[in-house]
Amino acid sequence: MGGGFGRGGGGLGPVAAGGGGLGLIIVVVVMLLGGGDLLGGGQSVTDPGTDPGPVGQAAECRTGQDANERQDCRIVGFVNSVQVYWTQAFADAGQTYQEADTRLFTDQVQTGCGFASAATGPFYCPQDGFVYLDLGFFDELESRYGAQGGPLAEGYVVAHEYGHHVQNLLGVLQPGGGGQGQDSQAVRIELQADCYAGVWAGNAVDTGYLEPLTESEVRQALDAAAAVGDDRIQERTTGRVDPHAWTHGSADERQAAFAAGYRDGDPAICEG
C-alpha cells in the first residue's frame, strides 16, 4: 500500500486493475524556482505520448520564470528540489538515495498498484516506486478543502509524497495499510511523511531551486497540512469527527509534524 492524499480523506488503498493511464514521466528538469537563469543542460523528460494537453507540455519547462508562471513547471521544480535534498541527506548518513520518477496525470492513470482515477489524489506507489501527482488536486486544496493555496502548499504535497518514497527505501512502509485510528500505524506513517516534508522545506534553499522561504510561504504549507487533516475532512463531509476512523492524523497533528521537521531540519527528528 502507498500513501497519499485521498479526496475522501483516505490514502491509496488496493486499487482495482483497469484501463490505460494518462501522464508524463518526469526524469530530470533543471530549473530555479526563485530565479530566472537556466542552471544547466541535460534535461531529460520522456512523454509516453498519451496526453497532448497541458500535462504533456511540461517538457517545455526550462527556467525559474517558467516555474513561477506555470503550475506544471513549478511542480517539476519542487520534485527536483526534494530529490536533491534527499540525495544529500542519504549521502550524509552513508546511504544511497534512489530517485523516484514522478508522473503527472489528469483523469486516470495505470500504476504498479493498479488503476487509479483522479479521485485518488496524489499518491506514492511502492510497487513501481513512482510518485503520482494529479494536477487538479492542487486546485481542490482551495476549492474543496478550504486551504489558502499558494506555491508552498503545492511543495508540501510533493514533499509529503516523496516522504513516502523515503519511507519505502528505509523499509518503513509495510503492506496491509496500517489500520485506522489516532494511534494506528497508518497515521504514524502519514505524520512522518509530513515531518519529512517539513525537513525538506527547512533545507529547500540549500538545494539551489528555491529562494529563502518567507513566513507567509511557510504558512501556506501549514495551512495545507491542516486542510487535509482527518478531523477537518470528516467534519466537512459528515458533520462529525470520528478519531477511530483516522488514517492520516488531525489538522493539528499534521501541522505539528510539518513544523517540527521545518524547525529542526534533520530527518532524525521524524523518527520518534
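Throughout, read-outs are computed from the coordinates displayed, never taken from laboratory work. Because the structure is a prediction, the values reported are computed rather than measured. Heads up, the Cβs are rebuilt from the backbone with ideal geometry, glycines too, and the neighbour counts pull from every protein chain shown.
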hull vol. (C-alpha, convex hull) per residue for region 69-146, Å³ -> 107
Based on the mean of other beta carbon atoms within 10 Å per residue, what is the order of 155-164, 112-121, 235-244, most packed first? 155-164, 112-121, 235-244
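Using 0.36 nm times the number of residues separating His244 and Gln71, minus their current alpha carbon distance, what extension gain do you get? Don't jump to the answer; show the numbers that get you there.
Values: separation 173, 0.36 × 173 = 62.28 nm, distance 3.63 nm.
Gain in length upon complete extension: 58.7 nm.
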Quick check on region 209-272: what does the Kirkwood estimate of hydrodynamic radius come out to from the alpha carbon pairs, in Å? 13.0
Can you list the residues, at least 5 places off or on another chain, whose amide H is less than 5 Å from the amide H of Gly249, using H built in the peptide plane? Asp230
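Would you mind putting 79-92, 203-216 in packing order, based on average other-beta-carbon counts within 10 Å, highest first? Walk me through the numbers before you get to the answer.
On the way: 79-92: 20.4, 203-216: 16.2.
Highest to lowest by the protection proxy: 79-92, 203-216.
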Using label points projected 7 Å from each Cα along Cα→Cβ, tell me how many nm separate Ala91 and Arg236, to one decimal. 4.0
